Amino acid sequence: MSISDVNVPNDLDSLWMPFTDNRSFKKQPRLFSEAEGMFYITPEGRKVLDGTSGLWCVNAGHRRRPIIEAVRRQVEKLDYAPGFQVGHPLSFEFASRLTGMVEEYSHVMFTNSGSESVDTALKIALAYQRNIGEGSRTRFVGRERGYHGVGFGGISVGGISPNRKMFGNMLNGIDHLRHTHNLDKNAFVRGQPDWGEHLADDLESIVALHDATTIAAVIVEPVAGSTGVLVPPRGYLERLREICSKYGILLIFDEVITGFGRLGDSFANQYFDVKPDIFTTAKGITNATVPMGAVFVRDGIYNSFMESAPENAIEFFHGYTYSGHPLACAAGIATLEVYRDEDLFARAAQLAPYFESAIHSLCDCKNVIDVRNLGMMGAIELEPIPDKPTSRAMAAFQKAFDAGLLVRTTGDTIALSPPLIVEREQIDFISDTIRGVLKTVH
Ligand code: PXG
């Protein structure tokens, strides 16, 4: 028997599962042992439609042959090469293909995850400010309900209290903008809401309080994913950009979810036509076949490092053993080719109105207090049961799973982000299943 034949484990106890209620899971496990295209397959052979692209990452669908073949060929040829002081061809090739996707960013640094991309971006921002003689700029500004992974940098600028409260003081000097979610003003809006641009002015207040010369960077997700698809109000990102530029504050977009086609464009910065100074990616960069992340920077940022370090000195004291791992680069290049050959980002843009109508058709279902969407991201927010927050959405999650649909829940919101290969009938299946589930969830 080979390792991949292990379908049902004998022991569920040894693994401490991430972001999971381990005790309930182990009483009633939910396992996937195979996947194909739009579907997961359970050890019992049941098909479950993937309504969430895994965790917002399998944008081209599962088990894509060109990606598998590229990884297979690469592991036969070069399993690993260091990325410090030596390199291997694929990492350079992949980097130049990535920078070829966006005009203003001609350098990327590789990481292995979204969390590492975020912490890398924050360190680049601090070091850049020093490079240009602005070393007093050490503060960061994040946003309430922002998710930027689980490193100490990411949880410090992040705005999710259970992810923060156990972990002490974290980074010093962090402020948060208010989040933009407002049910009174924006419930059931399709796409970007009209109300809320002024919330970007929170940055003006933070500048007034601390002085701009203390602030290195602002980091936001263009569309907040994990906290339930919070779509930016019209004009909001533009206004943040303006305020940052006015005060010499770097703007970082965390595009770990919005990158690689989720909104129907390569990146959210193209979709919104708002250009951050740095943006982070991961997840869809390799279609999640091999873990990887990349941080994109504007030329001026990269050049500041090249110009301020003495000749023959390392310009940036940062990097990971697996930065630019050969298997990840092979998977990444093949992934970009699948995206291109199947024109998947344009496909997402074409499907987005259909997806929007399908999920907004749930607006009259029991307990639904909001439906929102942008591109191929959607959310259905449920009224929480008094004193039992999250339990209604969790019940819906389990019932959907039993009915053959994988959704994601966050608080009392059901989040959807299907692979971009999804067919219209499968979108109907998603909305019909959720409609049925909501009838039976109390
Ligand atoms: N930034 C953003 C915007 C993310 O969404 C990370 C950073 C961290 O990435 P890594 O690769 O370190 O996990 C993320 C991750 C969910 C969910 O259900 C979202 C993420 C991860 C797991 C679950 O919303 N996003």
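The values are calculated or read from the model by the stated rules, or taken from the named source; none is laboratory data. These figures come from a predicted structure and were not determined experimentally. Backbone-built Cβ (ideal geometry, glycine too); neighbour counts: all protein chains shown.
Data overview
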quantity: Condition met for residue 139 (surrounded by fewer than 19 Cβ atoms within 10 Å (Cβ to Cβ), assigned by TED's automatic domain parsing to the domain that holds residue 315 and at pLDDT 95 or above); calculated: no
quantity: Some residue of region 10-23 being more than 28 Å from the chain's Cα centre (by Cα), of a type outside the set (Phe, Trp, Tyr), in the same structural domain as residue 411 (by TED's automatic domain parsing) and surrounded by 12 or more Cβ atoms within 10 Å (Cβ to Cβ); calculated: yes
quantity: Condition check for residue 173: more than 11 Å from the ligand (Cβ to nearest atom), under 16 Å from residue 219 (Cα atoms) and among the small types (Gly, Ala, Ser); calculated: yes
quantity: Members of region 91-111 found to be hydroxyl-bearing (Ser, Thr, Tyr) and free of Cβ contacts under 8 Å to residues at least 24 places away in the same chain, listed by number; calculated: 96
quantity: Residue check, residue 218 surrounded by 24 or more Cβ atoms within 10 Å (Cβ to Cβ) and in the same structural domain as residue 284 (by TED's automatic domain parsing); calculated: yes
quantity: Helices (runs of 4 or more DSSP H) (entirely within region 33-122) containing at least 2 residues that are within 16 Å of the ligand (Cβ to nearest atom), buried (at least 22 other Cβ atoms within 10 Å of the Cβ) and at pLDDT 95 or above; calculated: 53-56
quantity: Count of residues meeting criterion [away from the ligand (no atom under 13 Å from the Cβ) and either in the same structural domain as residue 351 (by TED's automatic domain parsing) or among the aliphatic types (A, V, I, L, M) (or both)] in region 264-277; calculated: 1
quantity: Conditions (1) touching a helix residue (DSSP H, G or I) at 6+ places or on another chain (Cβ under 8 Å); (2) surrounded by fewer than 24 Cβ atoms within 10 Å (Cβ to Cβ); number of the one not met by residue 270; calculated: (1)
quantity: Condition broken by residue 408, with the remaining ones in (1) among the basic types (Lys, Arg); (2) over 23 Å from the mean Cα position of the chain (by Cα); (3) within 15 Å of the ligand (Cβ to nearest atom) satisfied; calculated: (2)
quantity: Test: residue in region 414-421 that is in the same structural domain as residue 181 (by TED's automatic domain parsing), at pLDDT 95 or above and within 16 Å of the ligand (Cβ to nearest atom); calculated: no
quantity: Checking residue 183 against (1) out of contact with any Asp or Glu (no Cβ under 6 Å at 6 or more places or on another chain); (2) closer than 28 Å to residue 383 by Cα, the condition it does not meet; calculated: (1)
